[in-house]
Amino acid sequence: MSGQTNGKVPLEQLFRALADPTRLRIINLVAEQEVCVCYFTEVIAAPQPKISRHLAYLRRAGIVGARREGKWMHYRLLIPREAHAGSILESALEALRQDKDMQRDRARLQRACCGPKSLVQVLGAPLPARIGSLTS
């Protein structure tokens, strides 16, 4: 599924990270897979600087990790090792899975990467990768 953070995630910082609708949408999209930044702008329909600002916030909070592959940045969810923080994030993820708007975002992600005129075809963007299929 997802990785784990190495450091402790303060609860206050976790709650602040979860308190923004755009950040929740990003967390929803990386809950099961690693996603290239270009897909966020397509699915969320927000400008790239706004997406980057929220991704940076989530990285500072310790719940999203990133790696570079050539010109592409890939993001993945990191579950805090600390039991309370991890439990809170897992509960939030379960609520996001049940939310109709979040389900629509996941469907848009699927179309953006795999449908006609997909970002893969148009930009040469990499496909989102299942967390378990990543190599270090």
Using amide H atoms built in the peptide plane, which far-off residues or other-chain residues are under 5 Å from Glu82 H to H?
Val9
Length added when fully stretched, Glu90-Ala46, from 0.36 nm per residue minus Cα-Cα
13.3 nm
Note down the accessible area of Ser87, probe 1.4 Å, to the nearest 10 Å².
60
Could you state, as a whole-number percent, how many of the C-alpha pairs of region 37-96 are farther apart than 20 Å?
34
In order through region 9-17: 3J(HN,Hα) via Karplus (6.51 cos²θ - 1.76 cosθ + 1.60), integer Hz, x for Gly, Pro
9, x, 4, 4, 5, 4, 4, 5, 5
Region 6-29 scanned against label point 7 Å out from Asp99 along Cα→C-beta; backbone N under 20 Å for 11-29
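Which number comes out as Rg/Rh for region 1-102 once both Rg and the Kirkwood Rh are worked out on C-alpha atoms?
Details: Rg = 12.7 Å, Rh = 13.6 Å.
With Rh from the inverse mean 1/r over Cα pairs, Rg/Rh is 0.93.
The values are calculated or read from the model by the stated rules, or taken from the named source; none is laboratory data. These numbers were taken from a predicted model, which means no experiment stands behind them. All Cβ positions, glycine included, derive from the backbone under ideal geometry; neighbour counts span all protein chains shown. Each accessible area value is taken on the protein alone, full model and side chains, heavy atoms only, with ligands, DNA and RNA left out. Shrake-Rupley method; radii C 1.70, N 1.55, O 1.52, S 1.80 Å.
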